[in-house]
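S.K.: Pasting a structure here, questions to come.
Coordinate-derived values only; no laboratory data. Computed from a prediction, not measured in an experiment: that's the story for all the values here. Cβ placement follows ideal geometry from the backbone for every residue including glycine, while neighbour counts extend to all protein chains displayed.
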Amino acid sequence: MNPTAQEPFDPRDRPARLTVGVVGAGRVGPALAASLRLAGHRPVAVSGVSDASVRRAAALLPDIPIVTPAEVLARADLVLLTVPDDALPGLVEGLAETGAVRPGQLLVHTSGRYGAKVLDPALRAGALPLALHPAMTFTGTSVDVQRLAGCSFGVTAPEELRLAAEALVIEMGGEPEWIAEESRPLYHAALALGANHLVTLVAQSMELLRTAGVEAPDRMLGPLLGAALDNALRSGDAALTGPVARGDAGTVAAHVAELRAHAPGAVAGYLAMARTTADRALAHGLLKPELAEDLLDVLAGSDTLGDARGDGAGGTR
C-alpha cells in the first residue's frame with residue numbers, strides 16, 4: 001500500500017462521539033440526527049410540539065425522549081436548531097438569555113437564509129456556531145436519510161470552526177460547500193427559485209394535462225422533465241427549447257388564450273417565465289431578434305391574443 005495515498009474518510013475513525021439534540025422536529029431535524037447516529041453519534045433528546053413532529057421523531061429517532069428546548073440543550077453536546085427561518089432569531093436569543101446555552105456546545109442551525117451571525121447571542125454565551133443547510137427537499141420520512149448521500153450543504157461558520165463544520169457534513173454523507181455570510185440570502189433565493197418553484201410548475205402542468213384529457217400526466221411528464229433537467233444542468237441556457245426560444249409568437253399567443261380560458265390563475269406565471277426565457281434566449285443568441293418583437297408583443301398582452309382565439313394559431317412562424 002502506498003503510504004502517501006489518502007485513505008477514504010471513515011467517520012467511525014473519529015474517537016470522540018457527540019450526544020445530539022434536536023430543537024424543532026420538523027422534516028429536517030430528525031433526518032439529520034438519524035444520519036449522525038449512523039455516523040456513530042448518539043441522539044439523546046428532541047423537542048417537538050405538534051402531533052406530526054412527535055410522529056416524525058418517533059419514526060426516525062425511536063426511544064429518544066421528547067423534552068423542552070432547554071432540556072435538549074442541557075443533554076446534548078451538539079444541538080440542531082431546525083425551526084422555520086422566521087423563528088430562528090427569537091429562539092436563539094431566548095435560549096441564550098435563559099442560560100440554556102453551555103460553553104463549548106456546538107449549536108447548528110439548518111436555515112438557508114441565515115449564516116452564522118444569527119447565532120451571535122449563543123456565541124457570546126460560549127457556544128460554537130455553525131450554519132449547515134442541506135440543499136435538499138425533505139419528506140419527513142426515512143428516505144431523507146438516504147437522500148443525504150452526496151447532498152450539498154451550504155456551510156457558514158467562523159474560520160476556526162470550518163474543519164469541524166465540514167467534518168459534520170461529511171459524516172452525514174453530504175458535500176460541504178462554503179457560503180460567505182453576506183451571500184446566504186442570495187444562495188437561498190437561488191435554491192428556492194429552482195426547487196420550490198419547480199414543484200409549483202410541475203403541479204400546474206399536471207393539472208393542465210388532466211384538464212386536456214391526459215390520464216397519466218406524471219408518466220407523460222417524467223421522461224420529459226428528467227431530460228430537461230439533465231440538459232439544463234449540463235448546458236445551461238443552451239438547453240432552451242420550445243416556442244419562446246424559437247420565437248413562435250402564434251403558438252405562445254394560443255397558449256395564453258387557452259390558459260385564460262381554462263386556468264386563469266396560471267397566466268401570470270406563464271407570462272413571467274416566458275418573458276424571462278425570451279430575455280435569456282435573446283442574450284444567448286437562441287432567439288432571433290427579428291422574431292422577438294412579435295413574441296414580446298404577445299407577452300405584453302397585445303391583440304395577438306385575440307387572433308389566437310380566432311384561428312387557433314400554433315404553427316411555426
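S.K.: Here are several values of volume of the Cα convex hull per residue in Å³: (1) 192; (2) 163; (3) 177. Which one was derived from the coordinates shown?
M.R.: Of the labelled values, this structure produces (1).
S.K.: Give me the dipole magnitude in Debye, nearest 20, for the stretch 184-283 about the Cα centre, with unit charges on the beta carbon: positive for Lys and Arg, negative for Asp and Glu.
M.R.: 200
S.K.: On full extension of the chain, what length is gained from ARG162 through ALA52, given 0.36 nm per residue of separation minus the C-alpha to C-alpha distance?
M.R.: That pair, ARG162 and ALA52, stretches by 36.2 nm at full extension.
S.K.: So, one more: Among DSSP bridges having both ends in the chain, what percentage is antiparallel? Round to the nearest 5. Mind showing how you got there, number by number?
M.R.: Numbers: 4 of 26 bridges.
Expressed as a percentage, antiparallel bridges in the chain total about 15.
S.K.: Separate question: Give me the percent relative contact order of the chain, please, defined on Cα pairs under 8 angstrom at least 6 residues apart.
M.R.: 11
S.K.: Could I ask something else about it? Could you point to the residue in GLY173, THR277, PRO185 farthest towards the positive end of the chain's charge dipole, with +1 and -1 charges on the Cβ of Lys/Arg and Asp/Glu respectively?
M.R.: GLY173
S.K.: Okay, moving on. Which far-off residues, 5 or more places away or on another chain, put their amide H under 5 Å from the one on VAL22, with H placed in the peptide plane?
M.R.: So VAL22 has HN proximity to ALA45, VAL46, SER47, LEU80.
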